[in-house]
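Here's the structure, in structure tokens; my notes come after.
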Amino acid sequence: TCLALGKASLKNLLGDVEKAFVNATIHSVLDNFEIFQKLSIGQRENFINSLQEVVLKENETVCNYNDEATFFIVMEGELNVYDESELEVLKVIKAGEVFGYEEIVKIDKMKFKVKTLTKSKIKKCTINDVKKNFQNLTLKEIVHNNEIKKILSQIFLFKSLSKKEIDKTVSAFDEVQFNDNEFIVKKGEPAKHFFLVRDGHVQIIGDENK
């Protein structure tokens, strides 16, 4: 006895079956990287939609030294990573592997030149492609906003807000930095702000600690 799912039924369930399998493969690759683990499913899908498929011939350039931050996944073929002089192959990138993760996260210029070793198919995006899909936000900013939303969801004052209202609230936060031993607020001052501590430690001092 076996259970069978027809091709037509599968297409009705998943739509473009080939695209669904490709996206599943990309999801599996992204699972290995911390920043993608911190994205919601919808945000992951949005990032995947920013990836453009590029088919390249042998010995074609994928990216040059000092190009804008570019992230790519090798779907088929192999790529060579060169030093700035292009005299030495530093690494071979194979199908299922990625390149440019550090650059796309830190928004750095590309540190190496990459060329195809064989005919290859890649999925790639630049930092500008990411920003276009995420309302001009970087991956770090998206993750930071997710962390704020998680904190707000645990606070009674914000629990009744809709997703749209939460998003609007998060976008209204400004980042403020303080030095060691600097006062954020003092007792008796008007309450003008709501604070979330992003980094560091804050001490609340009572009257007895004057």
Considering only segment 157-170, I want to know if a residue exists there that is part of a loop (DSSP other than H, G, I, E, B), among the basic types (Lys, Arg) and surrounded by 10 or more Cβ atoms within 10 Å (Cβ to Cβ).
yes
Taking Val98, is it closer than 30 Å to Glu147 by Cβ and at pLDDT 95 or above?
yes
Cross-chain or 6+ apart pairs with Cβ under 7 Å, segment 180-202 first and assigned to a loop (DSSP other than H, G, I, E, B), then open to solvent by 90 Å² or more (accessible area, probe 1.4 Å)
Ile184/Phe195
Does Thr116 satisfy the criteria of being of a type in the set (Ser, Thr, Tyr), buried (at least 18 other Cβ atoms within 10 Å of the Cβ) and more than 19 Å from Asn23 (Cα to Cα)?
yes
Between residues in segment 61-90 that are closer than 22 Å to Ile26 by Cβ and residues that are among the aromatic types (Phe, Trp, Tyr), which pairs lie under 6 Å by C-beta distance while being six or more apart or on different chains?
Phe72/Phe99; Val81/Phe112
Glu147 being of a type in the set (D, E, K, R), in a helix (DSSP H, G or I) and touching a strand residue (DSSP E or B) at 6+ places or on another chain (Cβ under 8 Å)
no
Hey, among the residues in segment 174-194 that are at pLDDT 80 or above and among the hydrophobic types (A, V, I, L, M, F, W, C), which one's most open to solvent (accessible area, probe 1.4 Å)?
Phe183
List pairs: first in segment 149-167 and farther than 20 Å from Gln135 by Cα, second among the basic types (Lys, Arg) and at pLDDT below 85, Cβ under 9 Å, 6+ apart or cross-chain?
Leu152/Lys159; Ser153/Lys159; Leu161/Lys168
Those residues of segment 119-139 which are part of a strand (DSSP E or B) and charged (D, E, K, R), in sequence order:
Lys121, Lys123, Lys124
Could you list all residues from segment 198-208 that are open to solvent by less than 100 Å² (accessible area, probe 1.4 Å) and at pLDDT 80 or above?
Gly200, Val202, Ile205
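The values are calculated or read from the model by the stated rules, or taken from the named source; none is laboratory data. Predicted model, so just to flag it, every value in this text is computed and none were measured. Note that we place each Cβ from the backbone using ideal geometry, even for glycine, and neighbour counts take in every protein chain shown. Heads up: the accessible areas ignore ligands, DNA and RNA and are worked out on the full protein's heavy atoms, side chains in. Shrake-Rupley method; radii C 1.70, N 1.55, O 1.52, S 1.80 Å.
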